[in-house]
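Written out below as C-alpha cells is the structure these notes cover.
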Amino acid sequence: VSRQLKEEIRRGFARLEDPLAALLAMLESSSDWKGKGHSLGYCITTELQLWIKTHPAVPQSGTKLKKLQAHVLRMLSQCPTNLLDPLISIYQLHTADRNYLLEHVSHLYLQGNYKEATIQSIKLKLQPDQDVEKMCTPLLLQDKTNLVEDYVAEYPELQRKLLQTLDTWCDPSFNIRDITRPYQGLCSYKPEKFNRRVLSKLVFRLLERFNVDPALCPNVINQRHLRTLNYLFYKRFVEKTMTEENWADHIQSTAGENRWLQEHLVQLLLRHCDARGAARWARHCQVPPEMLPWAVAEEFQKLHIQDRVEEVTKADNYEARKKKDYYQLPIPRENIHFLQTWEEALQCWQKVMQPGQVVGVDMEWKPSFGMVGKPSVALLQLALKDEVFLLDLPQLLKQAEAEGEKEKLPRFIQMLYSDAAITKLGYGMSGDLSSLAATCSALKDTEKQMQGVVDLLAVDKQVDGLSPEHSHEERGVRQPEKGLSLLVQHVLGKPLDKTEQLSNWEKRPLREEQILYAASDAYCLLEIYERLCKDPESFGLGSDLTDSLVGKQSKKPRAKKQLNKQEAPSPSGQECQAPRTEPSHTPAPISPREFSVVCDNMLQGLGRYLRCLGVDVRLLDNEDDHRKAAEIAQQEGRVILTSGLPYQTLRSQVGEGKCFSVNCSEKAKEQALQVLKHFNVQVSLSDIFSRCQ
C-alpha cells in the first residue's frame, strides 16, 4: 500500500465521529473485502487497527460496543481469514460475553460450516469450553487434519482427549460407521481418508508433535506392536535373515507382559513352528501356560533346559556354515575394541585424528519399528586400516555428563567431520548424522560443516550397474542384496551378512555376532574405497574418482553438452576416453525410423524422448535384469543404450558399435542429443511424434 494512501485513510478516520461503526458500514457496502488477498477493505481495516493504538480514546465500551460486537460477529463467517485477527482486535471480541460467542460458533456448526466454526473458535480461544470430539470429527472426515492440530495446539488437556478419542476409534471392535453415519451428506467427505490405518498414522504424528506419553493410546500402540511381531516372524521364518538370538530378543521386548500381544504371539508361533518349537518360545517369552492350546501346553510341560542348549548349538552350527558366503573381516578379532570409558576413547581419538588418515564411519541404533521418536545412536564405529573402534555412545555420554563435560563427545565428532585432512568414508551419511543430532542436539549442524567426506552412497548411484543379485543358497525366500551389501558384493566379491542389522543395539553386553557385524559395516568401507581408487574404470567410474569425491561435496561437476566423437562421459560426470567399441569415423546419416534401440531401465526418460523424435524404442521395465537388453538387441537387431557397469557387461554380448554408454548425470534432452549425434541420426519435422507415444 502506498504511503500516500495510508495517510489519506488515517485522515479519513480522524474526521469520523465513530470510526468503528463507519468501518462496518463501509465493509458491508462493498463486496471487495470478501475476496482473498490484500483488498482495499483489508488495507483500511489494518490501518484502523494501527491508528487505534495511537488514539486510545477511540475504542467504545458498554452497550454501544456490544451492538458493534454483535454486528461484527454476523460478518465474521463471510470474512476472509486474513481479516479475522484485525476485526477481533478492533472490536475487542475477546471481552465479549463468552456464552454469546459460544452460541455464535455453535450456530455456524449446526449450519454445517465446520471449518469456519473451528477457525473462529481458535481465534476467539473458545476450545476449553467445547467438545473436542464433536468439533474435530467432521474436520477429520473432510481430511482437514492440519486444522484439527491447530485446534488443540495450545491445550494439552484437549490434545490428550483428542488422542484418547482417536485411539478408541482404532480399537478393532469399534464400528467406525457409527462415527461416519451422521455425516453421510457432508460436503468434501473423504471416507477413504477415514480408516484405522490413516487414523493410526495421525495418532503417531500427534504423539510426537505434542510429546504425549504413548501409553495414552493402547489400541494404536498394540496394533503397531502386532505389525512388528508379524514383521519379525517374516524376517526369521520366511526371509531367514535374522539370527535366532536377535529375533528372540525383539520378540520378547515387543510382546512383553501384554496379554493381548501374547495371544497373537502364540498364534504366530503355531503358524510357523511345530508344537514343541511353539512351547519352547512360549516359555522363553514367559507366556502364561494357561494361554497355550492343549498340544502346546503338553509340550511345555516336557521341556528341559537341554532342549534350548541343543537348539542354540544347532543354530550356531548353521550360522557357521553360511559364514563362508559373506564378506569377512581381514583383521584379527583382538584388533576390534569396544570402548566404554573416556580413557579408552582418548586413545582412539589420538589414532583417528592423524592428518592423512582414512576412516570408515558407521553408526547403529535400536530399530524403532515405527514407534514414536527418532532413534538415538547406540554405537559409533570408526575403522582404521589395522583396527576398528566401537564406541558405546550412551555410556560415554553418561560418563561425560557425570563429570560435567557433556560437550566432550560432540566436540570430538565435530572436529573429526570438519577436518579436511582426514578422509571420512560413510554410506548414507545424511541419515547417520540425523540420528546423531537426535542423540546429541549439539551435533545438529555437523552436516553443514563437513569437509573431507566421501559418501559411498553417491558412488553407488554412479555405479548404476548395481542390480539385485539372487542367490541359489537354500535360505528360504532370500531377498536380493541391496544398499551397502550390494556394493560390497560387486566390489569385493561377497555381500555383507545383514542378519544382525535389526539387533537391539542398546542392550549390553553386545553379543559377539553384533560386534563382528558392526566392525564389518565400518571396515568394508575402507576396502571398497581402496579398490575403487585403484581401478575406477572397471566399475564404470571416472579415473579422477578421488579428486571428485574427497572434500566438501557440493554441486556435481557439470558435464559438457558438446561432446567430441571420440569421447563419452563417465557416470561420475567427468569425461573419459571412449570405449574401443565406439567407431572413430562418422557413420552414414540415417532417419529416426531406421534407428532401433533398447533402453536400459535407468534410461526410461531418454527412451521416451527418443520415441517422441520418431526413434523405434523398446524400454526395459524396472524389474528387468540388464541382460535382457542383450537378448532383445540380438533378436531384433537393436542398439543397446545403457550406462555404468552394465555397459562393461553388455558390450561383450553384442556386435561392434551395438552398445552405447550414456551419461546418467545429464537430462533426457542432452542424452538424446548425444545419442543422435553419435549415430548421425537426422531428425526432420515429420519425424516428431510420428510414433505412438
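Observations
- Of residues in the stretch 14-58 being among the aromatic types (Phe, Trp, Tyr) and modelled with pLDDT of 85 or more, the one farthest from residue 78 (Cα to Cα): 51
- When residue 211 is tested against (1) under 22 Å from residue 172 (Cα atoms); (2) surrounded by fewer than 17 Cβ atoms within 10 Å (Cβ to Cβ), just one condition goes unmet, and that condition is (1).
- Spans of helices (runs of 4 or more DSSP H) in the stretch 597-693 with at least 3 residues out of contact with any helix residue (DSSP H, G or I) (no Cβ under 8 Å at 6 or more places or on another chain): 604-612, 627-636, 668-678
- Tally, over the stretch 209-245, of residues that are among the acidic types (Asp, Glu) and without any contact (Cβ under 8 Å) to a residue 24 or more places away in the chain: 1
- Within the option set 501, 553, being open to solvent by 10 Å² or more (accessible area, probe 1.4 Å), modelled with pLDDT under 80 and within 23 Å of the chain's Cα centre (by Cα) holds for one residue only, 553.
To keep it simple, each residue is scored yes or no on (1) in a loop (DSSP other than H, G, I, E, B); (2) at pLDDT 90 or above; (3) open to solvent by less than 10 Å² (accessible area, probe 1.4 Å); (4) not hydroxyl-bearing (Ser, Thr, Tyr).
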| site | (1), (2), (3), (4) |
| --- | --- |
| 464 | yes, no, no, yes |
| 469 | yes, no, no, yes |
| 479 | yes, no, no, yes |
| 509 | yes, yes, no, yes |
| 513 | no, yes, no, yes |
| 533 | no, no, no, yes |
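- Condition met for residue 281 (without any contact (Cβ under 8 Å) to a residue 60 or more places away in the chain, surrounded by 20 or more Cβ atoms within 10 Å (Cβ to Cβ) and either over 25 Å from the mean Cα position of the chain (by Cα) or not in a helix (DSSP H, G or I) (or both)): yes
The values are calculated or read from the model by the stated rules, or taken from the named source; none is laboratory data. Because the structure is predicted, anything quoted here is derived from the model rather than measured. Note that we place each Cβ from the backbone using ideal geometry, even for glycine, and neighbour counts take in every protein chain shown. Remember, those area values only see protein heavy atoms, side chains included, never the ligands or the DNA or RNA. Shrake-Rupley method; radii C 1.70, N 1.55, O 1.52, S 1.80 Å.
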